[in-house]
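One structure is given here, and the rest of the page talks about it.
The values are calculated or read from the model by the stated rules, or taken from the named source; none is laboratory data. Note that the structure is a prediction, hence the values are computed from the model and not measured. Ideal geometry is used to build each Cβ from the backbone, glycine not excepted, and the neighbour counts take in all protein chains shown. Keep in mind that these areas ignore ligands, DNA and RNA; they rest on the heavy atoms of the full protein, side chains included. Shrake-Rupley method; radii C 1.70, N 1.55, O 1.52, S 1.80 Å.
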Amino acid sequence: MLMARRWNKVEEKERRDELHRLYVVENRTMTEIAKLLDIGESTVFQRMVRLGIPSIPEKKETYIAKRRNDIVIPRKRSPQLAEFFGIMLGDGKLSHYQAVVNLGTKEFEYAEYICDVMRDLFGVRPKIAMRRKNGFKDVYLGSLDLTEWLQKEGMVFNKVLSQVDVPPWIFTKREYMIRFLRGFFDTDGSVYRLRFGIQISLTNKSAPLLASLQKMLHMLGYHPSGMSAYRVYVTRREEVTRFFQEVSPANNKHQQRFQKFFREIWAGSPVGSGARL
């Protein structure tokens, strides 16, 4: 993968002048600028920080509109909130005004499940949008109050750049860890068929987050692999089976793949014959 070329001084000045004109002089929002420049809203914010242009959302016409009075901010930790953080740290994305979960083309049933989780937590049911180009689905809920609270809870605009980590409170209860793993695995996990077994993988490009996932699995009595190529694996037969019983992924695509592989590889064979790390 090619790295983006660094700007030279002339290019940096051009981009600073362009952003200053759009954001300050024309008083456009980051969402509007992102559409004009054909880049992500988080990229607009990162460029502003890099170029020294301060954020002034209170001067935007849409600012008050983003302050909703129907959003409920959770006052207590809960297993469902732990699952939501797992979802967000998996395939979730945070912008200034929206919490978004990006899903594949065949995950409509799971998209509805996420809507139910977010409605239970925040009092408002999010919307589902389908991208015209590829059919991918986005579950999104717009609220400035929500995004500001999520930032205070440790969520960031760019998870990889910031090397985000699991919120410490997740580790305080076994049920929190189990539900966090469910949310994360449902969005950023996979189950594979090996020659003589089945393997679970958890993938992320944030090293602290991946290390915390490994720690979490150890605390729950699993024997995950070391971190390799942005992944942590669980391969022991009894632990893969227990994971699907205990964590109980809500994303049906994982359940279907596991049941299919189980029937093909392990059904009728004695426990202990699966692959081990």
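Side notes on the structure shown:
- Heavy atoms of Leu36: accessible area, 1.4 Å probe, square angstrom to 10: 100 Å²
- In degrees, nearest ten, helix 79-91 long axis to first principal axis of the chain (Cα): 70 degrees
- For Gln98, distant residues with modelled amide H under 5 Å away: Ser143
- For the chain, size of Cβ-based charge dipole, Lys and Arg +1, Asp and Glu -1, in debye: 500 debye
- Secondary-structure-derived ellipticity at 222 nm for the chain, considering helices only, amounts to -13500 deg cm²/dmol, per-run term -39500 (n - 2.57) for DSSP H runs with n ≥ 4.
- In order along the stretch 207-213, phi translates into HN-Hα couplings of 4, x, 5, 5, 5, 5, 5 Hz, rounded to whole numbers, per the Karplus curve 6.51 cos²θ - 1.76 cosθ + 1.60 with θ = phi - 60° and x for Gly and Pro.
- Asn102/Asn69 FRET efficiency (R0 25 Å; Cβ-Cβ; nearest 0.05): 0.35
- Heavy-atom accessible surface of the chain: percent carbon and sulfur, 1.4 Å: 52 percent
- Hz values of 3J(HN,Hα) by residue in the stretch 124-130 - Karplus curve (6.51, -1.76, 1.60), Gly and Pro given as x: 9, 7, x, 9, 10, 10, 10
- Extension gain, Gln151 back to Ser190 (0.36 nm per residue minus Cα-Cα distance, nm): 11.3 nm
- The Cβ shell under 11 Å around Glu246 holds other residues with a net charge of +2, Lys and Arg each +1, Asp and Glu each -1.
- Amide proton proximity set for Ile198, modelled H, under 5 Å, gap of 5+: Ala275
- When the alpha carbon gyration tensor of the stretch 78-200 is reduced to an equivalent ellipsoid, the three semi-axes, largest first, read 22, 20, 14 Å.
- Computed about its Cα centre, the charge dipole of the stretch 190-267 is approximately 260 debye, with only Lys, Arg, Asp and Glu carrying charge at their Cβ.
- Computed from phi, the 3J(HN,Hα) profile of the stretch 171-187 under the Karplus parametrisation 6.51, -1.76, 1.60 (θ = phi - 60°) reads 7, 7, 9, 4, 5, 4, 5, 4, 6, 4, 4, 4, x, 5, 5, 4, 9 Hz, with x in place of Gly and Pro.
- Three-way shape label, the stretch 65-106, alpha-carbon gyration tensor, a/c 1.5: oblate
- Axis angle, to the nearest 10 degrees, between helix 237-246 and the longest C-alpha principal axis of the chain: 60 degrees.
- Structure-derived Rg and Dmax of the Cα atoms in Å: which label, when the choices are (1) 18.7, 57; (2) 19.5, 64; (3) 21.0, 71: (3)
- Relative to the longest principal axis of the Cα atoms of the chain, helix 9-20 runs at roughly 80 degrees.
- For the stretch 166-275, accessible area per residue (1.4 Å probe, heavy atoms of protein chains only), Å²: 45 Å²
- Label-reachable residues, the stretch 236-256, where backbone N falls under 20 Å from a point 7 Å from Arg77's Cα toward its Cβ: 247
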